[in-house]
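Peer 1: First, the structure itself, so that you have it in front of you.
The values are calculated or read from the model by the stated rules, or taken from the named source; none is laboratory data. Everything quoted here is computed from the prediction, not taken from an experiment. Neighbour counts run over all protein chains shown; Cβ positions are idealised from the backbone, glycine included.
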Amino acid sequence: MATLNANYKRIQGSYLFSEIAKRTRKFKEEHPDVVLFSLGIGNTTQPLPSAIIEGLRGEVEQLGFIDTYTGYGDEQGNQNLRKALGEWYQREGISLDTDEIFISDGAKSDLANVQSIFSEDSSIAIQDPVYPAYVDSSVLYGHTGEFENGKYNGLIYMPCTKDTGFFPDVPLGHADIIYICSPNNPTGAVATQEQLQKFVTYARREESVIIFDAAYSAFIQDDSLPRSIYEIEGAKECAIEINSFSKYAGFTGVRLGWTVVPKALVVEGSKSGEVNKAWNRRQTTMFNGASNIAQAGGAAALSEKGQKACHKIIAYYLANAKIIRDGFTTLGLEVIGGENAPYIWVKTPVEMTSWDFFDTLLMKAHVICTPGVGFGLHGEGYVRLSAFGTKKATQQAVASIQRSVRI
Ligand code: PL4
């Protein structure tokens, strides 16, 4: 008789974003005439620039003719796109071989699937608060014990709080796999060279692997802050980097990302190139390549015209972030992030929990945010605001909060 994977019984409650959607739906049913402003989920709103539309349209047109039609492509991605990404890294002074870059259908799936190439008894470190996908995939891959007192046994939690500058410090003990994310979700903080160097030094000493989530790297405006972990000496020996076109090019719906697995990366018992080969094997076995249309759009997003247009949209979202930052600062609340990141992490008013403040913003100001505690215990007392809305809705949301919420 077939049985359910027991890890599905261990995993907790509903996934954060579905819980928010559920509460929002309930509010809408009870108040059908109220217009809500969403500063919650990190979902893009701006239309794709014409340079990208041309790339997408060009591929769609080609699919309509016998001479230019294409079916399955390489599971690792189109050679041209991989080469374009290599050139993109080269401009940052990072040399990668094309076969170290794997095209994906977005960062989230690879962030989870990458666990499959490491041994089942690997210990995993995640920050707290954290993007929930790292935790939930660790549970489903069987890397944790039971959930007790708000934490999974066996998972190593790295506090990401005011005391640590809202970016985690290295684990106290040993961890095999370490997830880090910069610009950070949810805190909006960006790791400095020194902070990343500390992780690379730790990983090389402990023979750990860092999974570096760079999904928001395009938001970094300050050139002294690293956009890739490979800007750090020694990182190719210990880090996998996962990135996405979702936030750089507005591909949240189009779906496209990439993962870098350097050949220099080695783990216990493996030789140089074997981790890269294992990921290649995993992808060719369980993934059939990203959509050819999405990949054409990705190539267009990396063209000179495409990059210029994408950075203009990023500047638009960063202007929204400033509106949110200024709005909450005026209310007298402590505000973190939003300068080189699309997220703003706001301390709730005294004595208010994250969900209390979520409900207050929803009921009184009709604004949806994300409660910090949903990202982990150390997120209690904070909420996350997203700058991915339209400028008009962001301004209206902030004005509504200032009008109706008394601190
Ligand atoms: C809602 C740190 C958003 N249903 O689009 P992808 O798969 O290339 O990237 C997903 C992703 C990867 N890494 C980080 C992220 O924050 C995200 C997207 N997060 C958010 O509001 O935190 C969208 C969440 C989506 C989800 O579960 O990812």
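Peer 1: Output the residues belonging to the range 219-265 that are in a helix (DSSP H, G or I), out of contact with any Cys (no Cβ under 7 Å at 6 or more places or on another chain) and within 16 Å of the ligand (Cβ to nearest atom). I'd like the intermediate steps shown before the answer.
Peer 2: Within the range 219-265, the first condition is being in a helix (DSSP H, G or I), and the residues that meet it are 219, 229-231, 235-237, 246-249.
Retained after the next criterion (residues that are out of contact with any Cys (no Cβ under 7 Å at 6 or more places or on another chain)): 219, 229-231, 235-237, 246-247.
Result: F219, I229, S246, K247.
Peer 1: What tally of residues in the range 110-164 results from selecting those that are more than 26 Å from A278 (Cα to Cα) and out of contact with any strand residue (DSSP E or B) (no Cβ under 7 Å at 6 or more places or on another chain)?
Peer 2: Within the range 110-164, residues that are more than 26 Å from A278 (Cα to Cα) and out of contact with any strand residue (DSSP E or B) (no Cβ under 7 Å at 6 or more places or on another chain) number 13.
Peer 1: Right, here's the next one. Would you check which residues across the range 178-218 are in a strand (DSSP E or B) and either farther than 14 Å from I240 by Cβ or within 11 Å of the ligand (Cβ to nearest atom) (or both) and list them?
Peer 2: Matches in the range 178-218: Y179, I180, C181, I211, F212, D213.
Peer 1: I'd like the full set of residues that are surrounded by fewer than 24 Cβ atoms within 10 Å (Cβ to Cβ) and among the acidic types (D, E), limited to the range 105-130.
Peer 2: D105, E120, D121, D128
Peer 1: Go through G93, G77 for me and flag whichever is under 22 Å from the mean Cα position of the chain (by Cα) and touching a residue at least 24 places away in the same chain (Cβ under 8 Å).
Peer 2: G77
Peer 1: State the number of residues belonging to the range 64-80 that are loosely packed, with under 13 Cβ neighbours inside 10 Å and either of a type outside the set (S, T, N, Q) or at pLDDT below 95 (or both).
Peer 2: Number of matching residues: 7.
Peer 1: Same structure, new question: Are any residues in the range 357-407 charged (D, E, K, R) and within 16 Å of the ligand (Cβ to nearest atom), and if so, which ones?
Peer 2: R384, the sole residue that qualifies.
Peer 1: Another question, if that's okay. I'm checking my understanding of the structure. Among residues of the range 96-108 that are among the charged types (D, E, K, R) and within 17 Å of the chain's Cα centre (by Cα), which one is nearest to the ligand (Cβ to nearest atom)?
Peer 2: Residue satisfying both the conditions and the ranking: K108.
Peer 1: Out of all the residues in the range 276-288, is one or more in contact with an Asp or Glu (Cβ under 6 Å, 6 or more places away or on another chain) and in a helix (DSSP H, G or I)?
Peer 2: Yes: one or more hits.
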